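The values are calculated or read from the model by the stated rules, or taken from the named source; none is laboratory data. These numbers come from a predicted model, not from an experiment. All Cβ positions, glycine included, derive from the backbone under ideal geometry; neighbour counts span all protein chains shown. Note: areas computed on protein heavy atoms with side chains; ligands, DNA, RNA excluded. Shrake-Rupley method; radii C 1.70, N 1.55, O 1.52, S 1.80 Å.
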Amino acid sequence: MSNLSRNTPAQWPLARKPLVLIAGPTASGKSAVSLWLAETAPGTVINGDALQLYRDLSVLTARPSPEDEARAPHRLYGVLDGSQASSAAWWAEAATREVEDAWAAGRLPILTGGTGLYLRTLLHGIVPVPDIDEAVRADVRGRMDAEGPEALHAELARLDPVTAARLGPRDRQRIARALEVALSTGTPLSQFQQETTGGLADRPDVGPILRCVILPERSILYTRCDQRLVQMAEQGAVEEVRKLLARGLAPELPVMKAVGVPEFATFLEKRLEYQEAIAAAQQATRRYAKRQYTWFRNQCRDWNFVRSHDLKTQIEQIAIIFQENGLTLKV
């Protein structure tokens, strides 16, 4: 019998269906918590990290080990080739299918990952933005390099003040995206976002939805990032990058921009010493964790925050969150 005291497999076709999201920055402990939860509930771990989708980078993206995958079902890990470009829309569709399969099997779906946009799209649906004119995209990207993000942010403030107010004046990627939408379609991105539909959170048969963000103290998180990067290098991350570079993939592909790939590439190309590449990759990882940390803190204010870095304490806090939502786990 399941340790989940409500919404047991026999009840799910007749009642609302529970869903769990375990989010947080890299090295926060999401995978360990999700594995424990999958064994306890029982459940299925569904990947919500954009880079763990790629089979080319198992070590460098900290994908679950074969031993962990043998302990509980894991889905959407290593399912894409590096030559493919994923998207939030593609992932949300694939993840929804895996969620439905988990419910059908009487298992608790556990979405886990650090790509906040993916998780938000799953819950709240797709923003119906038309395709962007490639000439407009090229012009905006060129102007971003020539004029800088502050100038384009000022232009965005005239065309889409709602979106501009949410973005910092140096947020190059999001400023460019919003400006491309406004110039290409004649409609502000903020207006498209008001028309978002199709997420699991809108379905009357889904619930409770337990949203959890693991946010340990920053200094501890950064130390864990540094330590794990060294372990990755020792366990084959550099060789993964060597094989990836040998494929000659387009540099703009997501897999080529993964944290650690550019840094180890400079070592393999003999432009950095090994220890210099390690230090550069550690710095890139800390910066990535900082961006994730800020995104989850600002964008997930109504989620449950788990502040501990200790697995036992994290599990205890998750169990309390379950209890508060009418579900019981055996800790």
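Observations
- Highest-MSF residue in the chain out of A41, A85, A165 [GNM, Cα springs under 10 Å]: A165
- Unsatisfied cross-links (Cα-Cα over 24 Å) in the set K30/K290; K243/K270; K30/K330; K243/K290: K243/K290
- Comparing mean-square fluctuations of C212, C225, C300 from a GNM of the chain with C-alpha springs under 10 Å, the top value falls on C300.
- Solvent-accessible area per residue, Å², over the chain with all protein chains present [probe radius 1.4 Å]: 48
- Of the chymotrypsin sites (Phe, Trp or Tyr not before Pro) in the stretch 239-300, those whose Cβ has at most 13 other Cβ within 10 Å and which sit in DSSP loop: none
- For the stretch 163-239, trypsin sites (Lys or Arg not before Pro) meeting the loop criterion (DSSP other than H, G, I, E, B) and having at most 11 other Cβ atoms within 10 Å: R170.
- Among the GluC sites (Glu not before Pro) in the stretch 173-260, those placed in a DSSP loop whose Cβ has at most 10 other Cβ atoms within 10 Å are E252.
- Note on the chain: antiparallel DSSP beta bridges, both residues inside, total approximately 5 percent of the bridges counted.
- Computed in the context of the full set of protein chains, the accessible area of the chain at 1.4 Å probe radius has 50% of its extent on carbon or sulfur.
- Once Rg and the Kirkwood radius are both taken over the C-alpha atoms of the chain, their ratio Rg/Rh works out to 0.98.
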